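Report on one structure; see the data block that follows.
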Amino acid sequence: MIGKIDTPFDTDNPSPFSATGGVPDRTRSLFGRFVRENLLEHLLRDKDTQQAFADWMEKHLDRGAASKKTKRNDLKDIRRFAGRNKMHWLETKMESLLLETRNNVPNKRRNFALSHLISQDTISRLQDYFETQQFTVTQYQAIQLFLVTCMTGLRTIEWSTAKLVQPPCQILPGESKELPFLEVQTAKSRDEEPRIRRLILDEFSDAQIETLYQTLQYAQSISKGTRSNLVIQARRILQQIYMDNPEAIEVLAEADFRTARKIYTVELRRGGASMKETAAALGHTSITNVRYYSHGDISVDRTTKLPLARPPRGDIDKVKDTLAELNEARRQKGLGAIRGYEDTEGETPATRGRYGNPASGESKETNTVGQSFLDKL
């Protein structure tokens, strides 16, 4: 290493020498050559540099005169480079920018903010609130359902079909032993017959499984009008616990149970779940929509310690990677692969240990948190 940069990057002020007349063209050229020849690889591996570069790329996309296709190809090339060199943060950011150029994602800034706001601190705040404040039964049930959705990713329309199955029971595809699971009739299925998916609860304590069962029993007993009221009550409680944070209150103004489903998806990805594994958990038949559902920052460790339901390992290979299939069809025709796209055939399902915070060194027992709170629900 030639040197260490201690001064943080200021991407909003790229001309620090303007007061002294700027950088002469020849000096700029020579300095650029020095950086390329001696410091480039070191800078590329520096996370602060990657972040500054990603911020610059985001602005470059807005102001650049290149075609949309050229911009997308640039992002794909950077993503491929980052993936091959295990630059996870940069790869994730490029994936996010690709998503934004591919789809007009509504509320993308709010989704990103919520992906960090709903954290273990949120669980602690909720616990304190229910221990010290007066609340209604409806408010209590609303938060229960919000947290259950954060742990299972169920759609509200799927609450009525969710069925808890506990050992002794069948061993699910790809598993080696009997495990408790949810059996759910997947909504939005294009099949003539309802499609059933299963979500394994091996990270859940007995008390949490009981809470899950009782919460779903309640959800199956309420009317559509009560369900709408639960959305309002959950939002109010979440805003109430963040009264010390005006920005959080604003971000939570539109929070609902779809928010909890997205938090579930982001936390799965943060914990190491592959695109196919996440799609299987959500009830999707391909990975196409996972990018939309997980639109949030997945480059960090998990922000909650809630247990997460997961699909049976045998169901993961049933999920289609449509881009990989398109690439294979192109190869058979003698055409090149889609530029910048990495096949995911080599991905293996995440181990359950990675679903916690891999940097924390915590055991599975301490990973099932919010436990002191959830066990009381």
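Details
- Total residues in the range 233-246, condition part of a helix (DSSP H, G or I) and in contact (Cβ under 8 Å) with a residue 24 or more places away in the chain: 7
- Candidates 234, 260, 248, 255: the one that is within 30 Å of residue 91 (Cβ to Cβ) and crowded, with 22+ Cβ neighbours inside 10 Å is 260.
- The requirement of being open to solvent by 70 Å² or more (accessible area, probe 1.4 Å) and of a type in the set (A, V, I, L, M, F, W, C) is not satisfied by residue 200.
- Scanning the range 173-185 for residues that are open to solvent by 10 Å² or more (accessible area, probe 1.4 Å) and touching a helix residue (DSSP H, G or I) at 6+ places or on another chain (Cβ under 9 Å) returns 173, 174, 175, 180, 183, 185.
- Within the range 264-289, the set of residues being in a helix (DSSP H, G or I), open to solvent by 10 Å² or more (accessible area, probe 1.4 Å) and more than 11 Å from residue 320 (Cα to Cα) comprises 269, 270.
- Matching residues, the range 157-204, being part of a strand (DSSP E or B) and of a type in the set (A, V, I, L, M, F, W, C): 164, 165, 181, 182, 184, 196, 199, 200
- Scanning the range 314-334 for residues that are at pLDDT below 85, in a loop (DSSP other than H, G, I, E, B) and open to solvent by 30 Å² or more (accessible area, probe 1.4 Å) yields 333, 334.
- The range 156-172, residues that are open to solvent by 30 Å² or more (accessible area, probe 1.4 Å) and more than 21 Å from residue 207 (Cα to Cα): 156, 157, 160, 161, 170, 171
- Out of 158, 183, sole residue that is of a type in the set (D, E, K, R), within 24 Å of the chain's Cα centre (by Cα) and modelled with pLDDT of 95 or more: 183
- Verdict on residue 296 being in a helix (DSSP H, G or I) and either open to solvent by 10 Å² or more (accessible area, probe 1.4 Å) or of a type in the set (A, V, I, L, M) (or both): no
- Residue ID - surrounded by the most Cβ atoms within 10 Å (Cβ to Cβ), chosen from residues in the range 51-83 that are in contact (Cβ under 8 Å) with a residue 24 or more places away in the chain and basic (Lys, Arg): 79
- Selection within the range 285-309 - modelled with pLDDT of 90 or more and farther than 24 Å from residue 82 by Cα: 304, 305, 306, 307, 308, 309
- Of the residues making up the range 117-156, those that are in a helix (DSSP H, G or I) and among the aliphatic types (A, V, I, L, M) are 117, 123, 126, 137, 142, 143, 145, 147, 148, 151.
Yes or no, residue by residue, for (1) modelled with pLDDT under 85; (2) charged (D, E, K, R); (3) under 26 Å from residue 274 (Cα atoms); (4) in contact with a Gly (Cβ under 7 Å, 6 or more places away or on another chain):
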residue: 13; (1), (2), (3), (4): yes, no, no, no
residue: 51; (1), (2), (3), (4): yes, no, yes, no
residue: 55; (1), (2), (3), (4): yes, yes, yes, no
residue: 59; (1), (2), (3), (4): yes, yes, no, no
residue: 68; (1), (2), (3), (4): yes, yes, no, no
residue: 89; (1), (2), (3), (4): yes, no, yes, no
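The values are calculated or read from the model by the stated rules, or taken from the named source; none is laboratory data. Because the structure is predicted, anything quoted here is derived from the model rather than measured. Quick reminder, even Gly has a Cβ in these numbers, built from the backbone with ideal geometry, and neighbours come from all protein chains shown. Side chains included, ligands, DNA and RNA excluded: accessible areas come from the protein's heavy atoms. Shrake-Rupley method; radii C 1.70, N 1.55, O 1.52, S 1.80 Å.
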